[in-house]
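Only the coordinates and a few stated rules stand behind these numbers; no lab work does. Model, not experiment: these values are computed from the prediction. Cβ coordinates were reconstructed from backbone atoms using ideal geometry, including for glycine residues, and neighbour counts include every protein chain displayed.
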């Protein structure tokens, strides 16, 4: 009996879950389902995960890393400072505002300038 014949997931669902798993993009319920399925020992899904990891690694390797221009970092620093100043009047939540500004700024830079962020596989 082949590995795929023993798998309880159909081919399309297996591929969908394996790619989502490799990309760390599964919803919590799908992640639980697939993690438990893999833990039970499904060679077909293990092979599909290996294939998906290879494909994603190739995509990541093919994306050029681009450094954002200096003005973008200056705008980010100014935004963080403004957020810090605004939050300094309210000491209880000050750290969250700065963290949110940093996260939002970095996300905006990554989206605007196509910065590829490294990801552990």
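Measuring from label point to label point, each 7 Å out along Cα→Cβ, what is the residue 55 to residue 27 span in nm?
Reported label-point gap for residue 55 and residue 27 is 2.1 nm.
How high is the relative contact order of region 6-67, in percent, counting Cα pairs under 8 Å that sit 6 or more residues apart?
Over region 6-67, the number comes to 42 percent.
Can you give the FRET efficiency for residue 102 and residue 15, using 1/(1 + (r/R0)^6), R0 = 35 Å, r = Cβ-Cβ distance, to the nearest 0.05?
According to the calculation, E is roughly 0.45.
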